[in-house]
1. Need one number: nm distance between label points at Q251 and T85, each 7 Å from Cα along Cα→Cβ, rounded to one decimal.
2. Counting only other residues whose beta carbon sits under 14 Å from that of T106, what net charge do I get with K and R as +1, D and E as -1?
3. Rounded to the nearest 20 Debye, what is the dipole magnitude of segment 262-381 about its Cα centre when Lys and Arg each give +1 and Asp and Glu each give -1 at the C-beta?
4. Please sort 264-272, 44-52 by packing, taking for each peptide the average over its residues of neighbouring beta carbons within 10 angstrom, highest first.
5. Out of the total accessible area of the chain (probe 1.4 Å, heavy atoms of protein only), what percent is carbon and sulfur?
6. Below 14 angstrom from the Cβ of R115, what's the summed charge of the other residues (Lys, Arg +1; Asp, Glu -1)?
7. Amide H of G80: which non-local residues (sequence gap of 5 or more, or other chain) have their own amide H closer than 5 Å, using H built in the peptide plane?
8. Just one of (1) 20.3, 62; (2) 19.5, 56; (3) 20.5, 71 is Rg and Dmax of the Cα atoms in Å as worked out from the coordinates here. Which one is it?
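The values are calculated or read from the model by the stated rules, or taken from the named source; none is laboratory data. Quick caveat: nothing in here was measured; it's all calculated off a predicted structure. With ideal geometry, Cβ positions are generated from the backbone for all residues, glycine too; neighbour counts draw on all protein chains shown. Please note that ligands, DNA and RNA were not included when accessible areas were found on the heavy atoms of the full protein model with its side chains. Shrake-Rupley method; radii C 1.70, N 1.55, O 1.52, S 1.80 Å.
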Amino acid sequence: MSNKLIFGSLLLAVACHQAPVLKRKVASMPTLPSPELGEVWTNRNDDQADEILQTTLNMLAQRAARDTHTRRDAHPRAHGCVKATMDITPEPLAPELRVGIFAADTPKSYPAWIRFSNGAPDGNTAHDLEKDVRGMAVKLMNVPGAQSGSQDLVMITSEQFFTKDGADYLDLHEAISGSTAHLIWYGITHPRSASRIMSARVQIGHPLFSNYFSSVPYKLGNRSMRFSVMPCQLETHALPRKNSPKNFLQQRLVATLAQKPGCFDFYVQPNMDTRNNILEDPRLPWPSMHSPVHKVGRLTIPVQTDITSAQQMNFCENLSMNPWHSRAETRPLGQINRMRALVYGEISRLRHEKNGTREMEPVSHSPCVGATSPLCQTPRH
């Protein structure tokens with residue numbers, strides 16, 4: 001894969017959803033909360049968000065011309081969407097941090113959906129053996145206090161993000177849309193970000209036995225946090241030979257869950273060192289010796305055999321995952337997440353409009369029945 005495609009894959013792997021090219025202005029951005037907990041946001045950031053959105057749409061023009069079905073621009077190929085349950089146990093958190101989905105002093109359970117995916121924008125044709133950013137997005141349903149009704153926990157296999165802030169993020173967009181020389185110059189002038197980009201691309205042997213991270217910060221009451229999941233039991237799954245099916249990760253996911261359940265432990269890392277764990281630089285690691293990690297829940301994935309059924313694959317394609325589907329107490333923080341508020345929402349809306357499908361949230365593990373049945377509609381081609 002060329003350097004340009006590598007950088008492009010990484011950028012789009014954390015961006016949003018595919019859409020037809022259309023000029024949009026930042027005036028369409030949702031109303032965002034006032035900056036807090038070290039967030040920085042100026043009028044210049046508004047302009048950067050608008051430029052990033054337009055650059056993303058322009059980059060997708062060629063794909064829209066080639067494919068009558070409008071796919072996500074990042075994480076376009078899902079290994080599958082699976083039913084799960086999240087059990088929250090908030091006691092390890094300090095009382096002032098037991099907010100949002102962690103508010104109860106006793107265990108709480110949420111029905112959930114999990115979407116596993118590859119990040120590369122050419123994911124529909126790329127082999128799963130290619131190095132890539134892998135994704136795990138969890139949708140907790142029926143969350144009181146969340147405007148959408150859901151809390152989406154969007155994670156990737158990279159522990160840290162790869163750009164510093166809005167300016168860095170825009171510089172990378174512009175480099176990708178330019179020549180190879182522009183990309184080389186970006187790497188020279190942004191060495192730490194370029195290094196993060198390259199290290200974020202990994203090979204995995206199984207979606208159920210990999211670690212996933214929020215990478216960017218979120219609010220946790222009066223502090224910021226990061227969160228992550230790790231398999232309850234570690235199993236080693238060797239990479240297959242090069243002549244294996246390109247979607248071997250989906251095959252392994254389906255085969256495992258047909259025979260036994262899966263599970264992940266859910267961890268929260270409150271930021272206890274705000275001087276060094278700078279909110280507006282998510283490239284930085286947060287050392288656990290100063291900001292301990294707390295296990296506060298478990299995701300349980302039951303045995304299931306309908307992952308690749310036509311209805312469930314349609315549901316998986318039509319589902320929207322957005323980190324701003326959240327309670328206010330645990331909302332996304334920082335410039336990168338504020339950029340996402342524009343890009344995720346706007347392009348997701350356009351994607352559904354192009355495909356003739358409705359944007360709506362599931363409320364149970366039976367989304368194809370009743371009022372939510374449009375979620376299982378075949379997208380228009």
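1. 3.3 nm
2. Net of charged neighbours comes to -1.
3. Dipole size: approximately 140 debye.
4. 264-272, 44-52
5. Carbon and sulfur together cover 53 percent of it.
6. With Lys, Arg at +1 and Asp, Glu at -1, the net is +3.
7. Hits under the 5 Å cutoff: F116.
8. The value computed from this structure is option (2).
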